[in-house]
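Colleague: This structure is in structure tokens; I'll ask about it shortly.
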Amino acid sequence: MLKNATMTIPDRTLLERNKLFRGIGLESVWHILKGCQVTTLKSGATLLEVGKKNISLYLVLDGELRVYLNGRGLPVHAVLGSGECVGELSLIDGGNSAALVMAARDTRMLVVPHELVWAMVDSSNDIARNLLAILAGRIRNDNLLQVTTSEPSLEFEVASNIDTLTGLHNRSWMNEAFYRMAQRCERSGVQLFLLVADIDRFKEFNDNHGHLAGDSVLKGVARIMAVNLRPQDLFGYLGGDMFAVLLAEKLPDGAMKMAERLREAVAAPVLRFGKSSAPLSVGDTQTIQVEHVTVSLGVAAVQSGDTLDSVLAAAEGALQQAKTDGRNRVKMATVRR
């Protein structure tokens, strides 16, 4: 790890987008954070090890971390990028790390000692709320995996639920998550929505630039969407160039706003890709092309008696309408009988 004494102005901008500071002006806690160090973890290096003591919360500025449940021999359990944090569980219970966390590429993080995290919690109810939301999201997603303590079973279960390219949960996991989340929404009296996102002109992109470049774009879009979702939203990869999000909202407007947020987030940056499938950093000498990437989204409300397939068909119908209307837009499915 390489440690820098101070943050740069761009670092502060990245920090403001972290889930821990959602809806909060960074100025209110800057007096606590300003002395924290920025650390660079080299690709392939280990940040946290199972059973080892951890005394810090790591706020990811840029790069990519991968979480393994029980050792590096198992498939990836989670992928963490800009705007995410790691180390919060040992913050709460004071225990050792429960997972192995490694850098998939060079990753810069702000290192916040636990005592400073608690100082922020004491000074801001909003920080406490966001930290609780992050923890709740972690626990909910982990519960949905339904893994056992048996290592052969654990390996099979994780392998069958994680897409190896994007690091996201796959269609099989989404099917299980759908029924659990539908039951929870029914009990709590809120509406469940399915968002389906498809990368515009992706086949044409693959034909022009090759599948390795296409894989890089898939990873980039997955990362951007993940950063812009809330901890309680469930995010998965359906295959091809299609992603899905399950989210609970009181009204359709809330689901449409989230879909628009995702559409704008993907369209805002310029994605750089190169001669391998690994996403590249700005200024990478292997960059061979710069592309603006957009997504179209379809939104459907889950109705009584729906299966994942039936609501997916409705969302895909709305998605096709968004494509027909010019792409890079969001459409809501009509109410079904």
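Values quoted throughout were computed directly from the atomic coordinates according to the rules given, and no laboratory measurement underlies them. What you are looking at is a predicted structure, and each value in this text was computed from that prediction instead of being measured. Every residue, glycine among them, receives a Cβ derived from its backbone with ideal geometry; neighbour counts consider all protein chains shown.
Colleague: Can you put Phe193, Phe235 in order, fewest other beta carbons within 10 Å first?
Modeller: Phe235, Phe193
Colleague: Anything over 25 Å Cα to Cα? Flag those among Lys19/Lys331; Lys42/Lys219; Lys34/Lys257; Lys42/Lys203; Lys219/Lys257; Lys19/Lys219, in the order listed.
Modeller: As for pairs spanning more than 25 Å Cα to Cα, those are Lys19/Lys331; Lys34/Lys257; Lys42/Lys203.
Colleague: Once you list every other residue whose beta carbon is under 11 Å from the beta carbon of His169, what net charge do they have if Lys and Arg are +1 and Asp and Glu are -1?
Modeller: -1
Colleague: Cβ neighbours within 10 Å, averaged per peptide: list 244-251, 102-109 in order, most packed at the top.
Modeller: Answer by packing, highest mean first, reads 102-109, 244-251.
Colleague: Kirkwood Rh and Cα-based Rg: tell me the resulting Rg over Rh for the range 165-332, rounded to two decimals.
Modeller: Using only Cα positions, Rg/Rh for the range 165-332 is 0.99.
Colleague: Quick check on the exposure proxy: order Trp30, Trp173, Trp118 from fewest to most C-beta atoms within 10 angstrom.
Modeller: In order of increasing Cβ crowding within 10 Å: Trp30, Trp118, Trp173.
Colleague: Ok, one more. Work out how much length Ser304 to Arg336 would gain on full extension: take 0.36 nm times their residue separation and subtract the Cα-Cα distance, in nm to one decimal.
Modeller: 10.5 nm is the gain from fully extending Ser304 to Arg336.
Colleague: If I stretch the segment between Thr294 and Leu165 completely, what's the gain in nm (0.36 nm per residue apart, minus their alpha carbon distance), one decimal?
Modeller: 44.5 nm
Colleague: Can you give the Rg and Dmax of the range 2-145 based on its C-alpha atoms, in angstrom?
Modeller: In Å, with Rg to one decimal and Dmax whole: 14.4, 42.
Colleague: Can you give the extra length, in nm with one decimal, that the chain gains between Gln183 and Arg17 once fully stretched, where that is 0.36 nm per residue apart less the Cα-Cα distance?
Modeller: Full extension of this stretch gives 56.6 nm more.
Colleague: Same structure, new question: Per-residue counts of other Cβ atoms within 10 Å, averaged by peptide: what ranking do you get for 17-24, 184-191, highest first?
Modeller: Per-residue Cβ counts within 10 Å, averaged per peptide and sorted highest first, yield 17-24, 184-191.
Colleague: Can I ask one more? Based on the Cβ-Cβ distance from Ser172 to Glu264, what FRET efficiency comes out when R0 is 22 Å, to the nearest 0.05?
Modeller: Given R0 = 22 Å and the Cβ-Cβ separation, E is 0.15.
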